[in-house]
1. Which members of the range 196-226 meet the condition of being more than 30 Å from V276 (Cα to Cα) and surrounded by fewer than 19 Cβ atoms within 10 Å (Cβ to Cβ)?
2. Could you check the range 256-279 and list, in sequence order, the residues that are out of contact with any Ser or Thr (no Cβ under 9 Å at 6 or more places or on another chain) and assigned to a helix (DSSP H, G or I)?
3. Could you grab me the full set of residues in the range 1-28 that are modelled with pLDDT of 90 or more and surrounded by 15 or more Cβ atoms within 10 Å (Cβ to Cβ)?
4. Could you count how many residues in the range 121-157 are in contact with a Lys or Arg (Cβ under 7 Å, 6 or more places away or on another chain) and farther than 21 Å from V86 by Cα?
5. From the list S164, S184, S170, exactly one residue is farther than 14 Å from I109 by Cα and surrounded by 15 or more Cβ atoms within 10 Å (Cβ to Cβ). Which is it?
6. Looking only at the range 112-164, filter to residues that are basic (K, R) and not in a loop (DSSP other than H, G, I, E, B); which one of those is farthest from the chain's Cα centre (by Cα)?
7. Could you check the range 230-255 and list, in sequence order, the residues that are in a loop (DSSP other than H, G, I, E, B) and either under 20 Å from F55 (Cα atoms) or of a type in the set (G, A, S) (or both)?
Amino acid sequence: MTGRGAGDPAVGVPPEFELGLVASDIDGTLLLDWQPISTTTIDAIHRCRAADIPFVLVTGRPIRWLAPIAEQIPDLGLVVCLNGAVIYDIAASRVVEAHTIADSDVTEIVSAVTESQPQARFAYETLSGLLIDPGFPTRFPLDAVVVDDLSQVRERDVVKILVSIGTDDSQALHDLLGPVLSHSCHATFSDPVNGLVELAPAGITKAKTLAQLCERLGVDRHRVMAFGDMPNDIEMLTWAGHGVAVGNALETVKESADAVAEAVEAEGVARYLGAVLDTLEPKASHRRG
């Protein structure tokens, strides 16, 4: 079995593990290709909430891409989005906390990348929408505002920068930019074939912000179960008490996890989490007795 533990929930979760919070990536983990979250997965989320176990989405998605999730699970609560740059209250439709990239750092990042890769094009996720360079590839171009000069980005609360050089190999671009950006921001990617590298504020990852949220909620990291599939999930999976990669995850992600669930197409999170919750219910009944 790939990973640090077995994939069967019956043996993959250490008997001493006490579940206190579930954290999950969205795309490629809970759902695939922008499909709705399955009823089975929503039921598993509601089972967690009924057992007073918070279920927190931890995603690279920007705020503007959370609307479909809010429609399906309007009472979900707090979401860690933009790879940890923002904590968003999905029920109240408001930003709770944001880590922004300072104007000087934006300038430094763009200059460093451009010097290394002159053909680079940039997109800037802000708290008020997406700004893109002319020619930047984006899934929803009508959602973006094209900017011709970096001065148009200043004072816009940038929370994530995306970089493209016109290729489709995200890992290769990450490897190219890593040495250039190692001190000014945190670089990762969430899709191996879209050719985009995602830059968060320095020191900010999904794990970092999830840890802050867990501290607020009084949940120790050793009681956190986390699910993911891509390199932007690795820090979270290794930080959590029990990290689970879904079966369709990249091999590097599986290797960082404690266990491997079934693939997203097979509702791996719901099935894995359901098996874990099944083991908790007899314990709860015993305590009540």
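The values are calculated or read from the model by the stated rules, or taken from the named source; none is laboratory data. None of the values given here were measured: they were computed from a predicted structure. Reconstructed Cβ throughout: ideal geometry from the backbone, glycine too, with neighbour counts over all protein chains shown.
1. Hits for the range 196-226 are A202, G203.
2. Once the filter is applied, which keeps residues that are out of contact with any Ser or Thr (no Cβ under 9 Å at 6 or more places or on another chain) and assigned to a helix (DSSP H, G or I), the range 256-279 yields E265, A266, Y272, A275, V276, L277, D278, T279.
3. Residues satisfying the conditions are F17, L19, G20, L21, V22, A23, S24, D25, I26, D27, G28.
4. Qualifying residue count for the region: 3.
5. S170
6. Step by step, filter the range 112-164, then rank; the result is R121.
7. Result: M230, A240, G241, V246, G247, A249.
Residues checked against (1) surrounded by 17 or more Cβ atoms within 10 Å (Cβ to Cβ); (2) free of Cβ contacts under 8 Å to residues at least 24 places away in the same chain; (3) in contact with a Cys (Cβ under 7 Å, 6 or more places away or on another chain); (4) of a type in the set (S, T, N, Q):
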| position | (1), (2), (3), (4) |
| --- | --- |
| T100 | yes, no, no, yes |
| E108 | no, no, no, no |
| Q117 | yes, no, no, yes |
| F122 | yes, no, no, no |
| T126 | yes, no, no, yes |
| L131 | yes, no, no, no |
| P134 | no, yes, no, no |
| T138 | no, yes, no, yes |
| V153 | yes, no, no, no |
